[in-house]
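Take a look at the structure set out below.
The values are calculated or read from the model by the stated rules, or taken from the named source; none is laboratory data. Since the structure is predicted, the reported quantities are computational estimates derived from the model, not experimental observations. Note: ideal-geometry Cβ built from the backbone for every residue, glycine included; neighbour counts use all protein chains shown.
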Amino acid sequence: MRILAIETSCDDTSAAVVQDGRQVLSNVISSQIDFHQKFGGVVPEIASRKHLEAVELVIQEALDRAEMAFDNVDGIGVTYGPGLIGALLVGLSSAKAIALAIDKPLIGVHHIEGHISANYIADQSLTPPFLCLVVSGGHTYIVEVEDYCKYRIIGKTHDDAAGEAFDKVARTLGLGYPGGPAIEKRAALGRAIIEFPKPVIRDHPYDFSFSGLKTAVLNYINTARQKGQGIPVEDIAASFQKAVVDVLVDKAINAALEYNIGTIAVAGGVAANVVLKETMDETCRRNGLRFIHPQPILCTDNAAMIGSAAFFKWQRGYISDLFLNAEANIPLQ
């Protein structure tokens, strides 16, 4: 089955053709980063307008690269939430129009389910159950993937997502947007010699809170400025990154061991961080766990992951109707 998938949840316009949930025939991404950098983050109205300008061309390019026409498509997968409501509506409206025009099933996909499903592309032998650490600009979860399309949330963030904390610290250090790659680049030049806190949430051992860590970094910078001291940007970046990575890895590993899950996967934009992948890989090896991670292009927002998720939803009878609406906030179920 060949799924034409569309993803417009934030600031990347993407379309892909995915066969049988695991083989990517094309994956086209049009980035808006250059338009949002001057504002230090994504501006929803600009994102929506740029999606409108790009979506038709991106869809056609995805079909062309897969050497297909609309008549060769078996189903339309699309992100319907969570995300920026205006951005989501562009992709969802396009998907509905195509599904109606070619009389093919419409399959709505939860954005986080898409990120998790990127691992089915990364490792074609991967099957549930497994544990997935989802870390992105808007989400941080530890999810037990009990079966295809069946999830149990073991841990979640109480405030800032990991990627959001990266963006805010990068902005304070004057490193620009997006913060994750900027922090990682400068951290490689520094030393993790500053002891930033690693929050523990009482009675919720697998939940996250990055607000206190972010505040500690900002206080460190402000105190140094007030004393007229230099700001060791590289050391701050390295120390902050280590604190985030240590928390993510420790909680994911402990959850896998407690729930007797032998495989850990990662997903989301922050999962492209090299230090996170190396630390997770090493810690999994020490604990006899298998580690799966998608290539960087499948960590950031892309339509291939949506096409993968849509296939497995279609297999299990999850077909959407044309009344499907965009949802800015919707839980993973």
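Out of curiosity, is V135 at negative phi, of a type outside the set (K, R), in the same structural domain as V275 (by TED's automatic domain parsing) and surrounded by 20 or more Cβ atoms within 10 Å (Cβ to Cβ)?
Working: at negative phi: yes; of a type outside the set (K, R): yes; in the same structural domain as V275 (by TED's automatic domain parsing): yes; surrounded by 20 or more Cβ atoms within 10 Å (Cβ to Cβ): yes.
Yes.
Which residue, of P296, P205, is within 21 Å of G137 (Cβ to Cβ) and not small (G, A, S)?
Values: P205 fails: within 21 Å of G137 (Cβ to Cβ).
Answer to the check: P296.
So how many residues does the stretch 204-224 have that are in contact (Cβ under 8 Å) with a residue 60 or more places away in the chain and in contact with a Gly (Cβ under 9 Å, 6 or more places away or on another chain)?
Going through the stretch 204-224 one residue at a time, the tally reaches 2.
Out of the stretch 228-275, which residues are of a type outside the set (V, I, T), over 30 Å from S125 (Cβ atoms) and more than 18 Å from the chain's Cα centre (by Cα)? Reasoning before the result, please.
Our first condition is that a residue be of a type outside the set (V, I, T); within the stretch 228-275, this holds for 228-230, 232, 234-235, 237-243, 246, 248, 250-252, 254-260, 262, 265, 267-269, 271-273.
With the extra rule that they be over 30 Å from S125 (Cβ atoms), the set shrinks to 228-230, 232, 234-235, 237-243.
Correct list: G228, Q229, G230, P232, E234, D235, A237, A238, S239, F240, K242, A243.
Give I201, I193, I153 a once-over and let me know the one that is within 26 Å of H111 (Cβ to Cβ) and assigned to a loop (DSSP other than H, G, I, E, B). Explain how you work it out, then say what you get.
On the way: I193 fails: within 26 Å of H111 (Cβ to Cβ); I153 fails: assigned to a loop (DSSP other than H, G, I, E, B).
I201 is the lone residue from the list that is within 26 Å of H111 (Cβ to Cβ) and assigned to a loop (DSSP other than H, G, I, E, B).
Return a yes/no flag: does the stretch 23-42 have any residue that is surrounded by fewer than 17 Cβ atoms within 10 Å (Cβ to Cβ), at pLDDT below 95, in contact with a strand residue (DSSP E or B) (Cβ under 6 Å, 6 or more places away or on another chain) and closer than 22 Å to R171 by Cβ.
Within the stretch 23-42, one or more residues are surrounded by fewer than 17 Cβ atoms within 10 Å (Cβ to Cβ), at pLDDT below 95, in contact with a strand residue (DSSP E or B) (Cβ under 6 Å, 6 or more places away or on another chain) and closer than 22 Å to R171 by Cβ.
Has the stretch 146-155 got any residue that is closer than 22 Å to G307 by Cα, surrounded by fewer than 23 Cβ atoms within 10 Å (Cβ to Cβ), of a type outside the set (D, E) and touching a strand residue (DSSP E or B) at 6+ places or on another chain (Cβ under 7 Å)? I'd like the intermediate steps shown before the answer.
Narrowing the stretch 146-155 to residues closer than 22 Å to G307 by Cα: 146-152.
Pick out the ones that are also surrounded by fewer than 23 Cβ atoms within 10 Å (Cβ to Cβ) and you get 146-152.
Imposing the further condition that a residue be of a type outside the set (D, E) reduces the set to 148-152.
Now narrow it down to the ones that are touching a strand residue (DSSP E or B) at 6+ places or on another chain (Cβ under 7 Å): 151-152.
Yes: one or more hits.
Counting residues that are of a type in the set (D, E, K, R), which helices (runs of 4 or more DSSP H) fully inside the stretch 215-304 reach at least 3?
Values: elements: 233-258, 274-286, 296-299.
By residue number, 233-258, 274-286.
Restrict the check to the stretch 113-132 and report whether at least one residue is closer than 15 Å to N302 by Cβ and among the charged types (D, E, K, R). Step through it out loud before you land on a result.
Of the stretch 113-132, the ones closer than 15 Å to N302 by Cβ are 113-122.
Filter again for among the charged types (D, E, K, R), leaving 113.
Taking every residue of the stretch 113-132 in turn, at least one turns out to be closer than 15 Å to N302 by Cβ and among the charged types (D, E, K, R).
To keep it simple, each residue is scored yes or no on (1) among the acidic types (D, E); (2) buried (at least 20 other Cβ atoms within 10 Å of the Cβ); (3) not in a loop (DSSP other than H, G, I, E, B).
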{"position": "E164", "(1), (2), (3)": "yes, yes, yes"}
{"position": "G174", "(1), (2), (3)": "no, no, no"}
{"position": "Y177", "(1), (2), (3)": "no, no, no"}
{"position": "P181", "(1), (2), (3)": "no, no, yes"}
{"position": "L189", "(1), (2), (3)": "no, no, no"}
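Specify the residue that is modelled with the lowest pLDDT; the eligible residues are those in the stretch 293-333 that are of a type in the set (V, I, T) and buried (at least 20 other Cβ atoms within 10 Å of the Cβ).
Checking each candidate, the answer is T300.
Could you count how many residues in the stretch 69-84 are among the aliphatic types (A, V, I, L, M), surrounded by fewer than 23 Cβ atoms within 10 Å (Cβ to Cβ) and within 17 Å of W314 (Cβ to Cβ)?
Of the residues in the stretch 69-84, 1 are among the aliphatic types (A, V, I, L, M), surrounded by fewer than 23 Cβ atoms within 10 Å (Cβ to Cβ) and within 17 Å of W314 (Cβ to Cβ).
Which of the following residues is in contact (Cβ under 8 Å) with a residue 40 or more places away in the chain, of a type outside the set (D, E) and either in contact with a Ser or Thr (Cβ under 7 Å, 6 or more places away or on another chain) or more than 21 Å from Q32 (Cα to Cα) (or both): L175, L189?
L189
Quick check on V249: is it over 13 Å from L133 (Cβ atoms), surrounded by 14 or more Cβ atoms within 10 Å (Cβ to Cβ) and among the hydrophobic types (A, V, I, L, M, F, W, C)?
Values: over 13 Å from L133 (Cβ atoms): no; surrounded by 14 or more Cβ atoms within 10 Å (Cβ to Cβ): yes; among the hydrophobic types (A, V, I, L, M, F, W, C): yes.
The answer is no for V249.
How many of the residues in the stretch 85-113 are buried (at least 23 other Cβ atoms within 10 Å of the Cβ) and within 15 Å of T13 (Cα to Cα)?
7
If we scan the stretch 203-212, do we find a residue that is within 30 Å of F311 (Cβ to Cβ) and surrounded by 15 or more Cβ atoms within 10 Å (Cβ to Cβ)? Explain how you work it out, then say what you get.
Keep residues of the stretch 203-212 that are within 30 Å of F311 (Cβ to Cβ), which gives 206.
With surrounded by 15 or more Cβ atoms within 10 Å (Cβ to Cβ) added as a condition, the list becomes 206.
Yes: the stretch 203-212 contains one or more residues that are within 30 Å of F311 (Cβ to Cβ) and surrounded by 15 or more Cβ atoms within 10 Å (Cβ to Cβ).
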